[in-house]
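One structure below.
The values are calculated or read from the model by the stated rules, or taken from the named source; none is laboratory data. Since the structure is predicted, the reported quantities are computational estimates derived from the model, not experimental observations. Positions of Cβ are backbone-derived with ideal geometry, glycine not excepted, and every protein chain shown enters the neighbour counts. The protein model used for the area step is the full one, side chains on, heavy atoms only, and it has no ligands, DNA or RNA in it. Shrake-Rupley method; radii C 1.70, N 1.55, O 1.52, S 1.80 Å.
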Amino acid sequence: MHTVWKGSISFGLVNIPVKLHAATENKDIKLRQLHKECHTPISYKKVCEGCNQEVKDEDIVKAYEYTKNKFVVLDQDDLENLRKENEEKAVEIIDFVQLTEIDPIYFERTYFLSPDSTGAKAYSLLRKTLEQSGKIGIAKIIIRSKEQLAVVRVYQNALVMETIHYPDEVRSVGDVPNIPSEQDVVPKELETALMLVDQLTTTFNPEKYTDDYRNALLELIEEKRATNMVATSDQQRPVPDNVTDLMTALQASLDKTKKPTTRKRTTRTKKNA
């Protein structure tokens, strides 16, 4: 399993060397875009709107737009140093709370935590502590140049870390349009609705739920492939622009260094004679 982050988690004086692994994966079916005429894959280029030309990665800098068309350019070295400075710090659990106190709207992504070779005992201690206390830990961690608020909890026999949003990242309910104000509900309607909920109430079993759309799409793709309803590009992949530009530059250089015409050489020869 790929390691996303490597460091340590501490609570009090206990330090646990750990590795972070993504606990979930996106299984969306990725569809390519083709040119309708020849079925050649469509590519996307980074183009400067001001110069109207393609830009290479090394010619791109990062900046913060503090007002319309005004930017603060951020040096890559400064960003890298800032990232390393924070990533090298141990992740400290700063609080313990009840899981039920955190609304699901705050949760973002889940990671498995595995102990490093020397951290098994401390890992087990934290796991047992969380199990018996019924609490979860609140911590901070830097992942991919972003400081994340996170919770550490027990899932089955493993510790997991779940990144959660900061309060200012959760939009206000007051900004949501057309939410009705509190209204009187007809008692009979409420009673019927509660009966329906009771009839549909069951124990949560995640294996019961499947992605019907993804399965149907896979079946459709396999059906078309099996009946040879496939598209093949009848053209070579286009030559990358950097190669084209190189050839253009070479040709221009050759043209610039061409020898003088025969007429000029003849004139010069006669003059020397």
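Kindly establish whether Gln199 is open to solvent by 100 Å² or more (accessible area, probe 1.4 Å), assigned to a helix (DSSP H, G or I) and at pLDDT below 95.
Here the answer is yes, as Gln199 does meet what is asked.
Count of segment 140-158 residues, restricted to those that are within 17 Å of Gly7 (Cα to Cα), out of contact with any Leu (no Cβ under 8 Å at 6 or more places or on another chain) and surrounded by fewer than 19 Cβ atoms within 10 Å (Cβ to Cβ), is 4. Scanning segment 1-46 for residues that are farther than 30 Å from Arg214 by Cβ and of a type outside the set (D, E, K, R) turns up Gly7, Ser8, Ile9, Ser10, Phe11, Gly12, Leu13, Val14, Asn15, Ile16, Pro17, Val18.
Here's the yes/no breakdown for (1) in a loop (DSSP other than H, G, I, E, B); (2) among the acidic types (Asp, Glu); (3) free of Cβ contacts under 8 Å to residues at least 60 places away in the same chain:
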site	(1), (2), (3)
Glu37	yes, yes, yes
Tyr44	yes, no, yes
Gly50	yes, no, yes
Tyr64	no, no, yes
Val72	no, no, yes
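Taking residues in segment 93-110 that are of a type in the set (Ser, Thr, Tyr), and partners anywhere that are part of a strand (DSSP E or B) and surrounded by 13 or more Cβ atoms within 10 Å (Cβ to Cβ), the pairs with Cβ atoms closer than 7 Å and at least 6 places apart or on different chains are Tyr106/Ile164; Thr110/Val160; Thr110/Glu162. Residue pairs whose Cβ atoms lie under 7 Å apart, sitting 6 or more positions apart in sequence or on different chains, and linking a residue in segment 1-29 that is closer than 30 Å to Leu218 by Cα to a partner that is assigned to a loop (DSSP other than H, G, I, E, B) and open to solvent by less than 100 Å² (accessible area, probe 1.4 Å), are His21/Thr3; His21/Val4; Ala22/Val4.
Residue check: is Val47 surrounded by 10 or more Cβ atoms within 10 Å (Cβ to Cβ) and under 27 Å from the mean Cα position of the chain (by Cα)?
Against the criterion (surrounded by 10 or more Cβ atoms within 10 Å (Cβ to Cβ) and under 27 Å from the mean Cα position of the chain (by Cα)), Val47 qualifies.
When segment 27-42 is examined, which residues are found to be surrounded by 10 or more Cβ atoms within 10 Å (Cβ to Cβ) and either among the hydroxyl-bearing types (Ser, Thr, Tyr) or within 30 Å of Val61 (Cβ to Cβ) (or both)? Thr40, Pro41 - these are the residues of segment 27-42 that are surrounded by 10 or more Cβ atoms within 10 Å (Cβ to Cβ) and either among the hydroxyl-bearing types (Ser, Thr, Tyr) or within 30 Å of Val61 (Cβ to Cβ) (or both).
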